[in-house]
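Have a look at the structure below before the remarks.
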Amino acid sequence: MISIIILAFKAAVTCFVATTITLLVVQFAQAEEVGWYKVCSKVDDIDVCSVQNAIIDDTGQLVVAIALIAAKGNINRKSMQVTVPTGRFIPPGVVFQIDSGKEQQLPYAICMTDKCIAEVPFTDRTIRSMKNDGDLVVMSVSHVRQPNPIKMSLKGFSAAFNGSPVEPSELEKMRQEFQEANH
């Protein structure tokens, strides 16, 4: 019974994060890097907060998205999800590296029609490393077995992680300001 609850929870959290990232891709279709932000929601009796960032190409397609998800309540869990486009070579998963630290391999948890998501638990050590405002590199391997390293700034991560969640009205305001600045 517990494993069914955990599977249902994982599915709900994956849908929550995937939906949030998809909404931001639509809202920030012309942006290169969205920037770190926090969103929170309640899933049944579980409080779920996710600190996220995404890189989107000039056509509006997702290049990579990172989400650190913390769930508190009936289930307490911390996980890091890395989302990449489909067309990836599955066995190597995704390699994640903060600054010049040790590379961490993340196995793919699920592939959907428009994205693949790799997932691992995250630790306090990972968070401390990410708060240094350096860079992280995410590398997936294309279907033709070409490495695809993507660099993402950690500037703003600490403020997003420690700060309050972004309200939907704030996201809309950010989207409007971005569109005005790029037209």
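Numbers for the structure displayed
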read-out	value
Answer residue from the stretch 138-161, given it is more than 26 Å from VAL39 (Cα to Cα) and of a type in the set (Val, Ile, Thr) and is nearest to the chain's Cα centre (by Cα) among those	VAL141
Test: residue in the stretch 99-116 that is over 15 Å from the mean Cα position of the chain (by Cα) and on the phi > 0 side of the Ramachandran plot	yes
Strands (runs of 3 or more DSSP E) within the stretch 70-178 that include 2 or more residues surrounded by 17 or more Cβ atoms within 10 Å (Cβ to Cβ)	77-84, 94-98, 116-121, 135-141, 147-153
Given (1) modelled with pLDDT of 90 or more; (2) within 25 Å of LYS115 (Cα to Cα); (3) not charged (D, E, K, R), index of the condition LEU171 fails	(1)
Enumeration of residues in the stretch 45-69 that are of a type in the set (D, E, K, R) and either under 22 Å from SER169 (Cα atoms) or open to solvent by 60 Å² or more (accessible area, probe 1.4 Å) (or both)	ASP45, ASP47, ASP58
Residues located in the stretch 45-69, provided they are farther than 19 Å from ILE117 by Cα and outside any strand (DSSP E or B)	ASP45, ASP58, THR59
Criterion: crowded, with 17+ Cβ neighbours inside 10 Å, modelled with pLDDT of 65 or more and in a strand (DSSP E or B) - qualifying residue of LYS38, LYS42	LYS38
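The values are calculated or read from the model by the stated rules, or taken from the named source; none is laboratory data. It should be emphasised that the depicted structure is a prediction, and the values quoted were computed from it without experimental measurement. Quick reminder, even Gly has a Cβ in these numbers, built from the backbone with ideal geometry, and neighbours come from all protein chains shown. Areas reflect the complete protein model, heavy atoms only, side chains present, ligands, DNA and RNA absent. Shrake-Rupley method; radii C 1.70, N 1.55, O 1.52, S 1.80 Å.
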